[in-house]
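Let me begin by presenting the structure, written as structure tokens, before commenting on it.
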Amino acid sequence: MTDARSATTNERLEAEREDVGLDKITAPGRHGRTARWSRRVGAVVLALTALALAGCTPDQMDQWSRVGLPEAASDRAPAMGNLWVNTWIAAMAIGVLVWGLIIWAIIAYRKRSDAAPRQTRYNLPLEILYTTVPFLIIGVLFYWTIRVQNDVQEMSDNPDVTVDVVGQQWSWTFNYQTEDTELGTDVHDIGTIERVPRLYLPVNQKVRFNVSSPDVIHSFWVPAFYFKRDLLPGQPTSFELTPTKEGVFAGKCAELCGTYHSAMLFEVHVVSEAEYQAHLQDLKDRGQVGSLYGHANQRTVTGPGDGEGEGR
Ligand SMILES: [Cu+2]
């Protein structure tokens, strides 16, 4: 009775070991089964890859070639993109080295007998090595991060265009600082959660963004510009960039800022100088003159239970 039960238990254990692939490590005699097993895994991986690639549009293939990054549309993108890609390369190199060492240690120092292996400790050179190497790695990454940060945050004395960007719960206001131009007045565009606001920018012109928030922390993010800046209430900041490609680009709030955070989208239209001027004139004609910053006229939508926004 006991023998019969332990026989079944052994069979079950054996089956489980095969399931997790342990049999091929401890039972080298089963080459045939191991080969069949790895062939099967190979076929599945191949089939999945083919399936994934077959579903790809040319656009997606294009994105793969940029390792998932959006198409660059600002002068800040190359520095930021290179930092991102090179950091991944560094991480990958370290990863390959560490995985290699782990696999080497597993194979070279695998259990060969029941005798306890030789115990070693206090290897001073090795300890110094694994203390200093991480500092070196961090040092290199830190150096390049600071360099790129300084580059992308560089400001000029005389930008071509200035836009005051206000992020409010839960949309955006774009105030074009055009009082001193032919237009003679500032103009603005204000979004609501029903209407996605549009930010027009002239291509190849230096744009200064002055960003602020009247309520909570938001974050101005245009992925194609490779640039993101938090909007902190009470702490207005500025940055500059030059849009380098005409087109319509998606923008969004990148900081969870309340109930309708997900509705905080905007469109960036990078256009020719003539189209840009025509858009400003259009805003003026529609009476959207002056700049809006304050809480009172920024809160375009009220929260649940506040009345207007209720039921949405
Ligand atoms: Cu927000």
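Of all residues in segment 176-195 being open to solvent by less than 10 Å² (accessible area, probe 1.4 Å) and assigned to a strand (DSSP E or B), which is nearest to the ligand (Cβ to nearest atom)?
It comes out as Asp189.
Given the residues Thr162, Thr173, which is the only one that is β-branched (Val, Ile, Thr) and either away from the ligand (no atom under 15 Å from the Cβ) or surrounded by fewer than 22 Cβ atoms within 10 Å (Cβ to Cβ) (or both)? Give the steps one after another, and end with the answer.
Numbers: Thr173 fails: either away from the ligand (no atom under 15 Å from the Cβ) or surrounded by fewer than 22 Cβ atoms within 10 Å (Cβ to Cβ) (or both).
Result: Thr162 is the single residue among Thr162, Thr173 that is β-branched (Val, Ile, Thr) and either away from the ligand (no atom under 15 Å from the Cβ) or surrounded by fewer than 22 Cβ atoms within 10 Å (Cβ to Cβ) (or both).
With the requirement that a residue be in a helix (DSSP H, G or I) and free of Cβ contacts under 8 Å to residues at least 24 places away in the same chain, what does segment 55-80 give you? Before you say what the answer is, go through the steps one by one.
Of all residues in segment 55-80, those in a helix (DSSP H, G or I) come to 58-65, 77-80.
Result: Pro58, Asp59, Gln60, Met61, Asp62, Gln63, Trp64, Ser65, Pro78.
In segment 77-100, what count of residues is obtained for those that are of a type in the set (Phe, Trp, Tyr) and under 22 Å from Phe227 (Cα atoms)? Please lay out each step first, then the result.
In the first step, residues of segment 77-100 are kept if they are of a type in the set (Phe, Trp, Tyr); the result is 84, 88, 99.
Within this subset, residues satisfying the condition of being under 22 Å from Phe227 (Cα atoms) are 84, 88.
Number of matching residues: 2.
Can you pull out the residues in segment 196-211 that are within 16 Å of the ligand (Cβ to nearest atom), of a type outside the set (A, V, I, L, M) and buried (at least 21 other Cβ atoms within 10 Å of the Cβ)?
From segment 196-211, those within 16 Å of the ligand (Cβ to nearest atom) are 196-197, 199, 209, 211; that's our starting set.
Remaining after also requiring of a type outside the set (A, V, I, L, M): 197, 209.
The one that is within 16 Å of the ligand (Cβ to nearest atom), of a type outside the set (A, V, I, L, M) and buried (at least 21 other Cβ atoms within 10 Å of the Cβ): Phe209.
Take segment 81-95 and flag every residue that is open to solvent by 80 Å² or more (accessible area, probe 1.4 Å) and touching a residue at least 12 places away in the same chain (Cβ under 8 Å).
Step one: list which residues in segment 81-95 are open to solvent by 80 Å² or more (accessible area, probe 1.4 Å), which gives 82, 84, 86, 88-89, 92.
Scanning segment 81-95 gives Asn82, Trp84, Asn86, Trp88.
Look at Asn123 and say whether it is out of contact with any strand residue (DSSP E or B) (no Cβ under 6 Å at 6 or more places or on another chain) and closer than 30 Å to Pro70 by Cβ. If you could, list the steps in order and put the result at the bottom.
Numbers: out of contact with any strand residue (DSSP E or B) (no Cβ under 6 Å at 6 or more places or on another chain): yes; closer than 30 Å to Pro70 by Cβ: no.
Answer is no for this residue.
Of Phe220, Phe225, which residue is under 15 Å from Thr173 (Cα atoms), of a type in the set (Phe, Trp, Tyr), modelled with pLDDT of 95 or more and buried (at least 18 other Cβ atoms within 10 Å of the Cβ)? Break it down into steps so the answer makes sense when it comes.
On the way: Phe225 fails: under 15 Å from Thr173 (Cα atoms).
Sole residue among the options that is under 15 Å from Thr173 (Cα atoms), of a type in the set (Phe, Trp, Tyr), modelled with pLDDT of 95 or more and buried (at least 18 other Cβ atoms within 10 Å of the Cβ): Phe220.
Just to be sure before I move on: is Phe249 in contact with a helix residue (DSSP H, G or I) (Cβ under 7 Å, 6 or more places away or on another chain), assigned to a strand (DSSP E or B), more than 16 Å from the ligand (Cβ to nearest atom) and in contact (Cβ under 8 Å) with a residue 24 or more places away in the chain in the structure I sent?
Details: in contact with a helix residue (DSSP H, G or I) (Cβ under 7 Å, 6 or more places away or on another chain): yes; assigned to a strand (DSSP E or B): yes; more than 16 Å from the ligand (Cβ to nearest atom): yes; in contact (Cβ under 8 Å) with a residue 24 or more places away in the chain: yes.
Against the criterion (in contact with a helix residue (DSSP H, G or I) (Cβ under 7 Å, 6 or more places away or on another chain), assigned to a strand (DSSP E or B), more than 16 Å from the ligand (Cβ to nearest atom) and in contact (Cβ under 8 Å) with a residue 24 or more places away in the chain), Phe249 qualifies.
If Asp215 satisfies all but one of (1) under 20 Å from Asp151 (Cα atoms); (2) within 16 Å of the ligand (Cβ to nearest atom), what's the number of the condition it fails?
(1)
The values are calculated or read from the model by the stated rules, or taken from the named source; none is laboratory data. Predicted model only: the values in this text are computed from it and were never measured. Please note: Cβ atoms are built from the backbone with ideal geometry, for glycine as well, and neighbour counts cover all protein chains shown. Areas reflect the complete protein model, heavy atoms only, side chains present, ligands, DNA and RNA absent. Shrake-Rupley method; radii C 1.70, N 1.55, O 1.52, S 1.80 Å.
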